[in-house]
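Written out below as structure tokens is the structure these notes cover.
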Amino acid sequence: MTRIIIDNLSHKFGSTPVLQDISFFVDEGEVVCLLGPSGCGKTTLLRIAAGLERLQQGKIIIGKTVVAEASSGINLPPENRGVGLMFQDYSLFPHLNVRDNICFGVGAGSPDRQAWVDNALSLMDVKFHAESFPHTLSGGQQQRVALLRALAPKPRILLLDEPFSGLDVTRRASVRKETLSILKDTGVSTLMVTHDPEEAMFMADRILVMREGRMIQDGTPTEIYAHPASPAVLNFFGTINTLSSNVADGQVATPLGNFETTDLCNGDAVELFIRPEGIQLEEDGLNSFKTVEEEDIGKSTKQSFEVVSAQLLGNVSLVVIAIPNRNKEPLMIEARMPGNFLPDKGGRVTVKIDPNQVFMFKASKDN
Ligand code: ATP
């Protein structure tokens, strides 16, 4: 069974630690995404796994082979690790045509792999371009060629670094779908780097969320989205509304209503997060709802709030509402409504909150 295991890996550039105590595995046939902001160490981790960067601490096992181990000094070169690599710039050989690019790592004595290449060329719709040179291809076609080149030698593990970042938005969705389908058809274990949460959600069986050189959560896309382990993971999925409060009688009172908590203790200071897509607004019957007053905070559920701005962003509308906040400046809360929902600026809307999109964490200076 081919899987990759990264065990207790740490890495420094000079005296600066860039990866700390990283341990995870990619199981046979799994697509695992390393997700994290720019500079958190994703590419470095991929390069160490590939053997392009020397391992400093920890161990890497591919299949049954220890390919790198700091304590024993084992460090197999990239070509002996059985990894397929694809970088964001595709790195195609400009002087080789499409077929020769794809067959580069396939020996002439591997007729079955040559046949695989022919079949893959037809399936991926680049057969027509087999004799073309890379610079004459579109970005999407170059991406397919790079993917096939990485897969052609039948690697034990495929490592992909931001494989869709060079494509425009309209092309990206279809290329992702096609790529996932070929990865699942070939059954290759894949470790992919991305900073795009939507991409990770679409591609991954499991997502490893990274921050500042550390792994902060390992879970399925649903687990990561529905049960984020920390505010840092939550923040990664885009803007989030943050409210501060305290627990009293198992409840957290906020200007947007009361929320129950079973995990936090009475008296705890709490950071409460609400995703913009978890706030549903309504324009109807505005006047039948009373305006929130300071003494209502934490009590009323049927309040109306002032619309500060409303913008159509394509398939969603971004609406900002002002929430009275005791003696301080009003809180600006963002809601994302599906489709075209553009209430007038200065108008009033009522608010309904999806409890599944509310997250509470004990307040901490690290949040
Ligand atoms: P991005 O998404 O922007 O590519 P990343 O998460 O892949 O970011 P890395 O490229 O792994 O992050 O970089 C991690 C940190 O290590 C960064 O601060 C980067 O500047 C630094 N770094 C990367 N390569 C080197 C190097 N060869 N020498 C010194 N520092 C480096």
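The values are calculated or read from the model by the stated rules, or taken from the named source; none is laboratory data. Predicted model, so just to flag it, every value in this text is computed and none were measured. All Cβ positions, even for glycine, are placed from backbone atoms using ideal geometry, and neighbour counts span all protein chains on display.
Worth a mention:
- Single unsatisfied condition, residue 88 versus (1) crowded, with 20+ Cβ neighbours inside 10 Å; (2) under 26 Å from the mean Cα position of the chain (by Cα): (1)
- Tally of residues being near the ligand (Cβ under 8 Å from one of its atoms) and surrounded by fewer than 20 Cβ atoms within 10 Å (Cβ to Cβ) across the stretch 30-43: 4
- Where strands (runs of 3 or more DSSP E) sit wholly within the stretch 182-267, those with at least 2 residues that are within 28 Å of residue 305 (Cβ to Cβ) occupy 241-248, 251-254, 257-260.
- Residue that is buried (at least 17 other Cβ atoms within 10 Å of the Cβ), on the phi > 0 side of the Ramachandran plot and out of contact with any Ser or Thr (no Cβ under 7 Å at 6 or more places or on another chain), where the choices are 187, 213: 213
- Subset of the stretch 87-113 [in contact with a helix residue (DSSP H, G or I) (Cβ under 9 Å, 6 or more places away or on another chain), part of a helix (DSSP H, G or I) and at pLDDT 80 or above]: 98, 99, 101, 102, 103, 104
- Scope the stretch 47-59; condition more than 8 Å from the ligand (Cβ to nearest atom) and out of contact with any helix residue (DSSP H, G or I) (no Cβ under 9 Å at 6 or more places or on another chain); matching residues: 48, 49, 57, 59
- Subset of the stretch 1-27 [on the phi > 0 side of the Ramachandran plot and among the small types (Gly, Ala, Ser)]: 14
- Applying a threshold of 6 Å to beta carbon distances and a minimum spacing of six or more residues, or different chains, the list of pairs starting in the stretch 38-62 at a residue that is in the same structural domain as residue 26 (by TED's automatic domain parsing) and ending at one that is part of a helix (DSSP H, G or I) and near the ligand (Cβ under 8 Å from one of its atoms) reads 53/47.
- Here residue 269 fulfils each of the conditions (1) surrounded by 18 or more Cβ atoms within 10 Å (Cβ to Cβ); (2) under 30 Å from residue 321 (Cβ atoms); (3) away from the ligand (no atom under 16 Å from the Cβ) apart from (1).
- Scanning the stretch 1-21 for residues that are in a strand (DSSP E or B) and either more than 10 Å from the ligand (Cβ to nearest atom) or under 18 Å from residue 71 (Cα atoms) (or both) yields 4, 5, 6, 7, 8, 9, 10, 11, 12, 19, 20, 21.
- Scope the stretch 161-174; condition part of a helix (DSSP H, G or I) and either under 17 Å from the mean Cα position of the chain (by Cα) or within 16 Å of the ligand (Cβ to nearest atom) (or both); matching residues: 169, 172, 173
- Qualifying residue in the stretch 22-29 (condition: of a type in the set (A, V, I, L, M, F, W, C), within 13 Å of the ligand (Cβ to nearest atom) and closer than 25 Å to residue 195 by Cα): yes
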